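Report on one structure; see the data block that follows.
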Amino acid sequence: MALYISQHTLACLTRQGAEELTKRLLAATPVKGRRVLVNMQEGKMLVEFEASSREELEKWLASEKFHFDWLLRIELESTGGALRTAS
């Protein structure tokens, strides 16, 4: 499974709403939500996903009516200062 990060703009979402949305993202199938980061002041959310392809992730986001500002496939990540292939 490939690793992706998406950015989303949140409109008028409360903390409780963000928590419910986070639960929904982390329970996702056939994609897998791994991590959610939220900035309530700026109304932005970053989500880390695992998916077999960008197309599959885009299809899932569309089926959930979950708009994204951008979507980025992660190829490399650092561990202890050294870059390695993202998994």
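Data overview
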{"read-out": "All positions within segment 1-21 that are surrounded by 16 or more Cβ atoms within 10 Å (Cβ to Cβ) and modelled with pLDDT of 95 or more", "value": "Ala2, Leu3, Tyr4, Ile5, Ser6, His8"}
{"read-out": "Check on Glu77, of a type outside the set (A, V, I, L, M, F, W, C), in contact (Cβ under 8 Å) with a residue 24 or more places away in the chain, outside any strand (DSSP E or B) and more than 18 Å from Thr22 (Cα to Cα)", "value": "no"}
{"read-out": "Subset of segment 1-45 [assigned to a strand (DSSP E or B), closer than 12 Å to Leu61 by Cα and among the small types (Gly, Ala, Ser)]", "value": "Ser6, Gly33"}
{"read-out": "Some residue of segment 46-60 being assigned to a loop (DSSP other than H, G, I, E, B), touching a residue at least 12 places away in the same chain (Cβ under 8 Å) and more than 21 Å from Ser87 (Cα to Cα)", "value": "no"}
{"read-out": "Among the candidates Arg35, Arg84, Arg73, residue that is surrounded by fewer than 16 Cβ atoms within 10 Å (Cβ to Cβ), in contact with an Asp or Glu (Cβ under 7 Å, 6 or more places away or on another chain), at pLDDT 95 or above and of a type in the set (Lys, Arg)", "value": "Arg35"}
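The values are calculated or read from the model by the stated rules, or taken from the named source; none is laboratory data. Keep in mind that what you see is a predicted model, and the values were worked out from it rather than measured. Heads up, the Cβs are rebuilt from the backbone with ideal geometry, glycines too, and the neighbour counts pull from every protein chain shown.
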